[in-house]
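The values are calculated or read from the model by the stated rules, or taken from the named source; none is laboratory data. Only a predicted model underlies this, so the values are computations on that prediction, with no experimental measurement involved. Note that we place each Cβ from the backbone using ideal geometry, even for glycine, and neighbour counts take in every protein chain shown. We work out accessible area using only protein heavy atoms, side chains counted, and drop any ligands, DNA or RNA first. Shrake-Rupley method; radii C 1.70, N 1.55, O 1.52, S 1.80 Å.
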Amino acid sequence: MSRIRIKKITHPFNAVVEVPGSKSVTNRALLLAALSNEECTLNGVLFSDDSRHFITCLLSLGFKMQVNEVERYVTVKGCDGNIPKKEATIDVGSAGTAARFLTSMLALSDGTYTINASEQMKRRPMLPLFEALESLGASFTYLEEKGHLPVKVVGARVGGKIPANKVYIDISKSTQFLSALLMTAPMLQDGLKVQITSKKTSGSYINITMNMMRQFGCEVFHKDSVYDVPADEHYRSSTYQIEPDVSAACYFYGAAAITGGRALVKNVHSNVMQGDMKFLDVLKQLGCAVTEEREGICVTGPYNGEFNGIDIDMNDFSDQTMTLAAIAPFAKTSTTIRNIGHIRLQESDRIKSIVTELTNLGIEVKEYEDRIDITPGKIKPGVVGTHDDHRMAMAFALIGLVVDGIEIDDYECCGKTFENYFQVLDYACRQ
């Protein structure tokens, strides 16, 4: 297992950085392009473990693609809601988006498929999506544990059957369930009405999904707890530009915050649709200045990196929980992060991971079912376990910019979304 020592910097962070394309946008765009009725070129594609699994799955299903990692584009020949191969086996790896989106696509098809996954992905929740797809006419055979991958799926349109056009689903464990149903709804000749049964009925990633569906020419309507994709909708787009990954940008903005420095991330602008843009408001509350410049958004940290903690609900941009948790020990007052119970079901139990690693570094943390309280304190040198979670690796590296002797174990797990993160961070620290 690989380990890297973070170099403490003796000056305020001051860098101009370029980050990869968004994982969320890349994998949605790959699905929409495959379901479209024309050839589509996706530019600015993120190439990472997750997106490569998605691409490999589409190739295994018979889609014709041209992949260029050097110039960061993928061309996909869409099949207008049909899957070229009627029998195939795919492996989604640890990619939650691939697991949920492709399961829905295969379940609404006229074929029979096997879906394999990594040990990590096998533990993540899937049952609400399986049950919703079964109600539409698909059938699943669980190859290991019920309600989890791997599975064999028989599509709802096998034998010329016409799937139902209304479905109920609980999205409290993952909004990806809803995104999967909405994006694959144009495969159904009668469209699809989705009734949400959980208290949570929307979220930032759902907004990304609906925005991208419209950008690809497909209408979707939303009112209260009901989402409606009309009949006879088709995706079409000859080119599509992937947004830069705001989640990745936030680590560099966090570095500026705790060092009283400055970070400008190229091509991140206020019009991007990713929910993690809300983390910029958190940084403002910490005393950072946020400005939009021609090249991108720039964050300037508070003087000497001094700031008070905050009490914040991060339900809608919870991928940044780890970033705030890494920043919080340097505040002058305590920080409370609320309404994040669902992150226990992601790449790791992220609440437990945060509590474990901060405690090991000498920081007092109180753990609750859906929140954490972090008390500032003196961090001691130590090794940070990443729990096979890319966001733990990238976020907790920030601590090592301020405290000497911080090492990140299994740091290469960041390859899930940002393969050269530690090289980029090292270069940024030397600017």
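One table, with the values for the structure above:
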{"quantity": "For residue 166, distant residues with modelled amide H under 5 Å away", "calculated": "193"}
{"quantity": "Kirkwood Rh and Cα Rg combined as Rg over Rh, evaluated for the stretch 253-358", "calculated": "0.97"}
{"quantity": "Ratio Rg/Rh, restricted to the stretch 357-431 and using Cα atoms, in which Rh is the Kirkwood radius", "calculated": "0.99"}
{"quantity": "³J(HN,Hα) computed for each position of the stretch 224-233 - Karplus, 6.51 cos²θ - 1.76 cosθ + 1.60, integer Hz, glycine/proline x", "calculated": "6, 9, 10, 10, 9, 10, x, 5, 6, 8"}
{"quantity": "Residue-wise HN-Hα coupling along the stretch 132-148, computed from phi with Karplus coefficients 6.51, -1.76, 1.60 (Hz; x: Gly, Pro)", "calculated": "5, 5, 5, 5, 8, x, 7, 9, 10, 10, 7, 8, 9, 9, 4, x, 9"}
{"quantity": "Rg to Rh quotient for the stretch 195-324, alpha carbon positions, Kirkwood Rh", "calculated": "1.06"}
{"quantity": "Loop-located GluC sites (Glu not before Pro) in the stretch 57-156 whose Cβ has at most 13 other Cβ within 10 Å (DSSP)", "calculated": "69, 71, 144, 145"}
{"quantity": "Cα long-axis angle, helix 350-360 against the chain (0 to 90 degrees, to the nearest 10)", "calculated": "20"}
{"quantity": "For the stretch 268-309, the fraction of alpha-carbon pairs in successive 5 Å shells from zero, as %", "calculated": "6, 23, 29, 22, 14, 6, 1"}
{"quantity": "The stretch 144-245: antiparallel DSSP beta bridges as a percent of all, rounded to 5", "calculated": "65"}
{"quantity": "Residues of the chain: accessible area per residue with a 1.4 Å probe, Å²", "calculated": "38"}
{"quantity": "Cα-based shape type of the stretch 286-328, given that a ≥ b ≥ c are square roots of the gyration tensor eigenvalues and the cut on a/c is 1.5", "calculated": "oblate"}
{"quantity": "Rule-of-thumb Rg ratio for the stretch 138-273 [Cα; 2.2 N^0.38 Å; N residues]", "calculated": "1.33"}
{"quantity": "Debye intensity ratio in log₁₀ form over the Cα atoms of the stretch 290-431, taken at each q of 0.09, 0.10, 0.19 Å⁻¹", "calculated": "-0.27, -0.33, -1.25"}
{"quantity": "10 Å binning of all Cα-Cα separations within the stretch 4-83, expressed as whole percents from 0 upward", "calculated": "17, 43, 18, 12, 8, 2"}
{"quantity": "Summed side-chain charge close to residue 159 - residues other than residue 159 whose Cβ falls under 15 Å, Lys, Arg +1, Asp, Glu -1", "calculated": "+1"}
{"quantity": "Long-range HN-HN contacts of residue 241 with modeled amide H, under 5 Å", "calculated": "43"}
{"quantity": "Shape of the stretch 185-233, Cα gyration tensor, a/c cut at 1.5", "calculated": "oblate"}
{"quantity": "Gained length - residue 223 relative to residue 269, 0.36 nm times residue gap less alpha-carbon distance", "calculated": "13.7 nm"}
{"quantity": "Average Cα contact separation per residue, the stretch 171-231, under 8 Å, 6 or more apart, as relative contact order %", "calculated": "43"}
{"quantity": "Backbone HN-Hα couplings from phi across the stretch 91-107 [Karplus 6.51/-1.76/1.60, Hz, Gly and Pro as x]", "calculated": "10, 8, x, 9, 7, x, 5, 4, 4, 6, 5, 6, 4, 5, 4, 5, 5"}
{"quantity": "5 angstrom amide H check on residue 139, placed H, neighbours 5+ away", "calculated": "154"}
{"quantity": "Over the stretch 278-350, relative contact order from alpha-carbon pairs under 8 Å, at least 6 apart, %", "calculated": "27"}
{"quantity": "Cα shape, the stretch 122-207, gyration tensor, a/c 1.5 rule", "calculated": "oblate"}
{"quantity": "Lys/Arg +1, Asp/Glu -1 at C-beta; the chain dipole; positive extreme among 120, 90, 59", "calculated": "120"}
{"quantity": "Surrounding net charge for residue 22, when Lys and Arg each add one and Asp and Glu each subtract one, Cβ distance under 12 Å", "calculated": "-3"}
{"quantity": "List 303, 427, ordered by accessible area with a 1.4 Å probe, largest first", "calculated": "303, 427"}
{"quantity": "Nearby lysines by direct alpha-carbon distance to residue 266 (threshold 27 angstrom, same-chain neighbours under 8 apart not counted)", "calculated": "7, 8, 23, 278, 284, 416"}
{"quantity": "Sites residue 352 and residue 295 - FRET efficiency at Förster radius 45 Å, r taken between beta-carbons, to 0.05", "calculated": "0.70"}
{"quantity": "Sites matching GluC sites (Glu not before Pro) across the stretch 311-419 that sit in DSSP coil, with at most 12 neighbouring C-beta atoms within 10 Å", "calculated": "369"}
{"quantity": "Hydrodynamic radius of the chain per Kirkwood, over alpha carbon pairs, in Å", "calculated": "22.1"}
{"quantity": "Inter-centroid distance (Cα atoms) of the stretch 272-289 relative to the stretch 374-420, Å", "calculated": "21"}
{"quantity": "Helix-only CD estimate at 222 nm, as mean residue ellipticity for the chain, using -39500 (n - 2.57) per DSSP H run (n ≥ 4)", "calculated": "-8500 deg cm²/dmol"}
{"quantity": "Beta bridge orientation in the chain: antiparallel %, DSSP, nearest 5", "calculated": "65"}
{"quantity": "Of all accessible heavy-atom area on the chain, the percent that carbon and sulfur account for (1.4 Å)", "calculated": "45"}
{"quantity": "Theoretical FRET efficiency, 1/(1+(r/R0)^6), r = Cβ-Cβ of residue 165 and residue 139, R0 30 Å, to 0.05", "calculated": "0.95"}
{"quantity": "Average Cα contact separation per residue, the chain, under 8 Å, 6 or more apart, as relative contact order %", "calculated": "18"}
{"quantity": "In Å², nearest 10: area of residue 146 left accessible to a 1.4 Å probe", "calculated": "150"}
{"quantity": "Centroid-to-centroid separation of the stretch 135-167 and the stretch 208-233 [C-alpha atoms, Å]", "calculated": "23"}
